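The values are calculated or read from the model by the stated rules, or taken from the named source; none is laboratory data. Remember, it's a predicted structure, so these values are computed and weren't measured experimentally. Methodologically, a virtual Cβ is constructed for each residue, glycine included, from the backbone with ideal geometry; neighbour enumeration extends over all protein chains shown.
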Amino acid sequence: MVCEPTREELAPLASIGDMDLNTVTEIRDARRGGTWQPGDAWLGGGTYLFSEPQPHIRRLIDLGRMGWEPLTVTPDGDLEIAATCTVAQLSRFAKPAGWRAAPLFEQCCRAFLASWKIWNMATVGGNLCNGLPAGPMISLTAALDGVCLLRAPSGELRRVRVADFVTGAGAKDLRPGELVRSITLPARALASRTAFRQGSLYGLGRSGALLIGTLDPVDDSLTITVTAATVRPIRLWFPPGPNAAAVAEAVRDGIRPDEYFDDIHGLPAWRRHMTFRFAEEIRRELADGPVGEPTEETGR
Amino acid sequence: MSFSLRVNGQDTDAEPRPGQCLRTYLRERGWFGVKKGCDAGDCGACTVQVDGAPVHSCLYPAARADGRAVTTVEGLARGGELHPMQQRFLDAQGFQCGFCTAGFLMTTTALDEEQLDDLPRALKGNLCRCTGYRAIEDAIRGVKHTEEPDAGQAVGRSPGAPAGPQVVTGTARYTFDVDVPGLLHMKLLRSPHPHARIVAIDTSAALRVPGVHAVFTHHDAPERLYSSARHEHPTEDPDDTRVLDDVVRFVGQRVAAVVADSEGAAEEGCRRIVVGYELLPYVIDPELAMQDGAPVIHPKGPESRIFRPENNVCGEVHGEMGSVEQGFAEAAEVYEETFRTQRVQHASLETHGCLVSFEENEETGEERIVVRSSTQVPFLTRRALCALYDLPMDKVRVVAGRVGGGFGGKQEMLTEDIAVLAALRLHRPVKLEFTRAEQFYGATTRHPFTITVKVGAKADGTLTALQFRVVANTGAYGNHGPAVMFHSVGESMGVYRAPHKKVEAYSVYTNCVPAGAFRGYGLGQVTFAVESALDELARRLGIDPLVFREKNIIGPGEHMEGPGGEEEDLHIASYGLDQCLQVVRNALAEDRSAELAPEGWLVGQGFAMSAIATGPPGGHFADATVKLLEDGTYDIAVGTAEFGNGTTTVHKQITAGALGTTVDRIAIRQSDTDVVRHDTGAFGSAGTVVAGKAVMKAANALAEQILSFAAEYARTPRSQLRLTADSVECDGRLVSLKELFEAAAGRGVELFGEGHWGGSPRSVAFNSQWFRIAVDPDTGEIRILRSVHGADAGRVMNPLQCRGQVEGGVAQALGATLFERVLVDERGEVTTAAFRRYRLPAYADVPRTEVHFSETSDAIGPLGAKSMSESPFNPVAPAFANALRDATGIRFTEAPFLRDHVWQALARRRS
């Protein structure tokens, strides 16, 4: 929920301090309303805000007492995840029978570099708003056709697909003072069969490539969502039963070379290789069958 | 707005500051068991339980704790009974420095059955830099290792560390775990430029910040140059550093210091200082720095003892023994390759820092300054402070509390100089505590090395010539630069017999964060190169690398020869290298671990060996006293510091052995300039062999005194006397030590033994490491299938602790082998200043290592002991590289061996 630069964007010498956020003069209950000011930041779980110096922040607008129901299954069978839902709540949530995508929730929670103790504080919305390529809540919700509900300080609402919400490494479609209210995952996506692959330079480490395949329960089409390897989520769509060549071609054509993320957690060439490998593994796991023409879907 | 919080059953209603995290809130209320490791949620040292759920309190907004119940490590024991997990950490000695222990306890006591079955995942949010995690796993699993040896039987057994009960209850007092009334806080403004002259500095706005007391700049600093490195002989390091300089030489160098009532005000003060810089050209590559026309980083005169300032050469050595040209001409096979090692951070969990205050010197009645510091060298720091500020020794006391890890990083004066400056000016107590980020760009690192090895051998495997060209990047300052360079080419070359040897080595200034002392002190870097090269040469000759080593290593009684000449006081006073190699041979013979490799993975094995002198050259001094106390127990006073190295345990064991008593009857006072005359410090692997020897001499002297006195007192011949746990047995009759103390006091006799050791002569310790690994050729993932270590520590004083030292050394080295790297950008600015960017080995990364000790007994070390603290690190990276070579056919020459790079090398070869 925090529209601040990400960890990776901040230069290490950007500030002198750490530990307490000493420039903060007020922690304000978000329920009290008021005008959004420069130097304001939404406080979700705090696990990002308190992990880096934030010398530009003056007020923390605390979402901790909003009382938003963390997880709601709507009458249509969609899942509405409040932005303030913690990772621990998401992990523990008893997923209804019939959600073939259920295993993906725990797989994505476990893809955090952060420990399970951080899950007790970190929120789903906060992970989305950090917009990091390796943000596993982005992977989860982008792969399950998630849609963000955004609320402006004026109260105005708008909806953006998760795959469109994150626009680059640490960049997202979020305006000053706007907050993520919730993310909705449609019932159809939750009924998908899924396949999950994660690669890291380290055991249980930060994702260098995280790919999720979903097989549509209605038309058997396959969608592969690429995250962590790329600067933003990229989704590749295939009609039923694509072959290996089709998947490889889609990865080759659907991801520009400069869209592979280049940072200390993996060389772009390795991330690209892992993307090809995982995409093919996912294809085989979910949809080995007759040839299909690949098309790239969404994301742009 | 009302706030209420229950901490360990005690209610508090003090409102937190708006941006305060729970960690500082708890520590401000005296719950010092809550530790600061990273303040970024990565290391887990600050873990507490909020309403029973473990959280990293450094990330937890304190305001959110309103109405909740918090349990810290201090609240874990109930009614005087340790929590079972606390007892298990004691029984298994699941700690060394203990700084991470509170976090581990608050995490492991909250694990459910499923999590206990998956410890790699359950413990991914807790880092331990000392143990290598085996001891922690044993603790969680309830394995008991500690022993309670009988009177006089402590040496060679495994009693637990004396501070264990304090460590597991959060009551051990580390550097910052004290409440000092009226304390002021210091924050440092650091340079954003790699090389610049400060032409203007305006502190007026900073001084107007409420709560700011003073701002210090180069105008306030003494002109005097010194080195932050601490050695017995200060001339070992160039004098190239000022407390605050008008020239900055790396991004991160301190520019100004702000002292204020709070850290927040001091930070704000730093942000308000306006500095005008004249930018200067900079160089970050050491080869370029040596070329003519490169920017000169230290244009200083000969008084600074810089070898060639005009070429940025801080130190250099050139030498040849025989003629390598002739040697290579005689060789059937010559191999030459250039190897590189990266910048590595010590990453001790307690950051650098100190608290400076004032007290009355009881001896003189005058006021003096007291520096409580996270240091390995309290005595040398006092000496340096006195020299810097023209203070007499009796005006300065330096004390180390329990130190939360060192690894060489704290053989340095990085905070005391400036904190003392401020305290002297303001006459107020001042604290300077580095942040985790400052550890990366404002402290020191291991020296990055480039090593070109050329080695030749005859067809039968006899070495004919060995040649090194070494370039060590010492960064912007020369602290430890020349000494690390000299050490790096010593034992690494001396352990092999070759008729012709040549060395050319340079320690070079660059505009990067300074390198300093790091476990192994240069040897590990060169060992990586030479052990890789010898493995490769053996393969090319078609000789088993093990046979090749056995053929060329020095034997017992031989001298370590190098082109720099042999070191006069270095003797192989016990020889276990053959046994270390036999450990490898045995491991290979019975090994079936290749069966564990996943299908399609490449499997390989490799080993490496190393030698290390059991102390630094030029003398390493320790004074110790042991005295009998009124209640019939003993008191040891020794200067060396305890930072998890376990010397305190060993000193008690040695004393208990000499006095025929048990370790629980001995108290120890240590790491305080008040307790003994002098101690060079806890570095150079000297804790057991130097300080331990001084303690042994003191204990033996006391035993002699007690027996002499008892003989007279009990009118019994000396030969009929025997010291027991709490008395002297006089021909069958027991006279209690208490009685003897009283009797002696009555006659004005103090039963008191003194010991001194000068650290010379020195012996040599040996290590070997063997790995079998499997490599996934399509992802670069590497699994260690088996890890075996041979260690020649002479007579092992405490097998449990010594094993822990070896395991911890192997784990730390695996970090540097697999992934640790401090990266700098094109301006030399560190870009990896947090644990989430600088990966430390976690539980999941470290395999169990089988540790085999040689059966030797040293003629120099106390009771036959040799050092075993730095050296287990050294053979790890080359052993791993040799196994990787065996598995893949590729010789990797640059550490670390990250998956993406390994994959890339394999992919390139395929294409």
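Under the condition of being assigned to a loop (DSSP other than H, G, I, E, B) and among the acidic types (Asp, Glu), which residue from the stretch A:56-77 is nearest to the other protein chains (Cβ to nearest Cβ)?
Only one residue tops the list, namely A:Glu69.
In the stretch B:530-537, is there at least one residue being more than 28 Å from the chain's Cα centre (by Cα) and of a type outside the set (A, V, I, L, M, F, W, C)?
yes
Restricted to the stretch B:457-468, and to residues that are surrounded by 24 or more Cβ atoms within 10 Å (Cβ to Cβ) and not polar (S, T, N, Q), which residue is nearest to B:Thr832 (Cα to Cα)?
Ranking the candidates gives B:Phe468 first.
For B:Arg585, work out the one condition from (1) without any contact (Cβ under 8 Å) to a residue 60 or more places away in the chain; (2) assigned by TED's automatic domain parsing to the domain that holds B:Ser685 it doesn't fulfil.
With respect to (1) without any contact (Cβ under 8 Å) to a residue 60 or more places away in the chain; (2) assigned by TED's automatic domain parsing to the domain that holds B:Ser685, B:Arg585 is out only on (2).
Considering only the stretch B:236-275, state which residues are part of a strand (DSSP E or B) and within 15 Å of B:Val513 (Cα to Cα).
Matches in the stretch B:236-275: B:Thr241, B:Val247, B:Val248, B:Arg254, B:Val255.
Given the criterion more than 15 Å from B:Met485 (Cα to Cα) and buried (at least 19 other Cβ atoms within 10 Å of the Cβ), identify the matching residue among B:Leu523, B:Leu534.
Exactly one of B:Leu523, B:Leu534 is more than 15 Å from B:Met485 (Cα to Cα) and buried (at least 19 other Cβ atoms within 10 Å of the Cβ), namely B:Leu534.
From the list B:Pro234, B:Pro222, which one is touching a residue at least 24 places away in the same chain (Cβ under 8 Å), surrounded by fewer than 18 Cβ atoms within 10 Å (Cβ to Cβ) and under 30 Å from B:Pro616 (Cα atoms)?
Every option except B:Pro234 fails the conditions.
Considering only the stretch B:731-813, give the strands (runs of 3 or more DSSP E) lying wholly within it that have at least 1 residues that are at pLDDT 95 or above and either touching a Lys or Arg at 6+ places or on another chain (Cβ under 8 Å) or surrounded by 24 or more Cβ atoms within 10 Å (Cβ to Cβ) (or both).
Ranges flagged: B:752-757, B:764-775, B:782-792.
Tell me the residue from B:Arg368, B:Arg372, B:Arg308 that is modelled with pLDDT of 95 or more and not assigned by TED's automatic domain parsing to the domain that holds B:Gly406, please.
Sole residue among the options that is modelled with pLDDT of 95 or more and not assigned by TED's automatic domain parsing to the domain that holds B:Gly406: B:Arg308.
So A:Arg7 passes all but one of these: (1) at pLDDT below 95; (2) under 21 Å from the mean Cα position of the chain (by Cα); (3) more than 8 Å from every other protein chain (Cβ to nearest Cβ). Which condition number does it fail?
Of everything listed in (1) at pLDDT below 95; (2) under 21 Å from the mean Cα position of the chain (by Cα); (3) more than 8 Å from every other protein chain (Cβ to nearest Cβ), A:Arg7 misses just condition (3).
Since B:Arg718 meets every condition but one in (1) under 29 Å from B:Pro761 (Cβ atoms); (2) free of Cβ contacts under 8 Å to residues at least 40 places away in the same chain, which condition does it not meet?
It is condition (1) that B:Arg718 fails.
Let's see how each residue does on (1) modelled with pLDDT under 95; (2) small (Gly, Ala, Ser):
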site	(1), (2)
B:Pro499	no, no
B:Pro514	no, no
B:Phe528	no, no
B:Ser532	no, yes
B:Gly542	no, yes
B:Phe548	no, no
B:Pro563	yes, no
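Test B:Ala69 against the criterion of being at pLDDT 95 or above, among the aliphatic types (A, V, I, L, M) and farther than 18 Å from A:Gly46 by Cα, and give yes or no.
Yes.
For the stretch B:109-120, name all the residues that are in a helix (DSSP H, G or I) and either more than 14 Å from every other protein chain (Cβ to nearest Cβ) or crowded, with 17+ Cβ neighbours inside 10 Å (or both).
The answer is B:Glu113, B:Leu119.
Scan the stretch B:129-144 and tell me whether some residue there is buried (at least 24 other Cβ atoms within 10 Å of the Cβ), in contact with a Cys (Cβ under 7 Å, 6 or more places away or on another chain) and at pLDDT 95 or above.
Checked against the condition, which is being buried (at least 24 other Cβ atoms within 10 Å of the Cβ), in contact with a Cys (Cβ under 7 Å, 6 or more places away or on another chain) and at pLDDT 95 or above, the stretch B:129-144 yields at least one hit.
Under 6 Å between Cβ atoms, at least 6 apart or on separate chains: pull out the pairs that start in the stretch B:892-906 with a residue that is farther than 11 Å from A:Trp270 by Cβ and more than 11 Å from chain A (Cβ to nearest Cβ) and end on any residue that is hydrophobic (A, V, I, L, M, F, W, C) and assigned to a helix (DSSP H, G or I).
Close Cβ pairs satisfying both conditions: B:Phe892/B:Ala881; B:Phe892/B:Leu884; B:Ala895/B:Ala877.
Might you let me know whether the stretch B:251-265 holds any residue that is under 30 Å from A:Met19 (Cα atoms) and over 32 Å from the mean Cα position of the chain (by Cα)?
Among the residues of the stretch B:251-265, at least one is under 30 Å from A:Met19 (Cα atoms) and over 32 Å from the mean Cα position of the chain (by Cα), which makes the answer yes.
Does any residue in the stretch B:261-273 that is more than 8 Å from chain A (Cβ to nearest Cβ) come within less than 6 Å, Cβ to Cβ, of a residue that is part of a helix (DSSP H, G or I) six or more places away or on a different chain, and which pairs are these?
Pairs found: B:Gly269/B:Ala206; B:Arg272/B:Ala205; B:Arg272/B:Ala206; B:Ile273/B:Ala206.
Return the residues of the stretch B:12-69 that are more than 9 Å from chain A (Cβ to nearest Cβ), within 18 Å of B:Arg436 (Cβ to Cβ) and β-branched (Val, Ile, Thr); say none if nothing qualifies.
Hit for the stretch B:12-69 is B:Val34, nothing else.
Output yes when any residue across the stretch B:876-898 is over 21 Å from B:Gln342 (Cβ atoms) and hydroxyl-bearing (Ser, Thr, Tyr), and no when none is.
no
Kindly list the number of the only condition in (1) outside the structural domain of B:Ala743 (by TED's automatic domain parsing); (2) within 29 Å of the chain's Cα centre (by Cα); (3) among the basic types (Lys, Arg) that fails for B:Arg669.
B:Arg669 satisfies every listed condition except (1).
Can you find, within the stretch B:824-847, the residue that is farthest from the other protein chains (Cβ to nearest Cβ) among those that are surrounded by fewer than 22 Cβ atoms within 10 Å (Cβ to Cβ) and in contact with a strand residue (DSSP E or B) (Cβ under 7 Å, 6 or more places away or on another chain)?
Applying the filter and picking the extreme gives B:Pro847.
Report yes if A:Thr275 is modelled with pLDDT under 95 and in contact with a helix residue (DSSP H, G or I) (Cβ under 9 Å, 6 or more places away or on another chain), otherwise no.
No: the conditions fail for A:Thr275.
Going by the structure shown, is B:Arg786 among the basic types (Lys, Arg), farther than 24 Å from B:Gln342 by Cβ and touching an Asp or Glu at 6+ places or on another chain (Cβ under 8 Å)?
In short, yes.
Which numbered condition in (1) in contact with a Gly (Cβ under 9 Å, 6 or more places away or on another chain); (2) crowded, with 24+ Cβ neighbours inside 10 Å is the only one that A:Thr184 fails?
(2)
I'd like to check which helices (runs of 4 or more DSSP H) are fully inside the stretch A:97-210 and have at least 2 residues that are within 14 Å of chain B (Cβ to nearest Cβ) and under 11 Å from the mean Cα position of the chain (by Cα).
A:124-130
When residues of the stretch B:858-896 are filtered for being of a type outside the set (Gly, Ala, Ser) and either under 20 Å from B:Ala517 (Cα atoms) or not assigned by TED's automatic domain parsing to the domain that holds B:Phe528 (or both), how many remain?
Matching residues across the stretch B:858-896 total 8.
Which one of these does B:Gly252 not meet: (1) away from chain A (no Cβ under 11 Å); (2) in contact with a helix residue (DSSP H, G or I) (Cβ under 8 Å, 6 or more places away or on another chain)?
Result: B:Gly252 passes all but (1).
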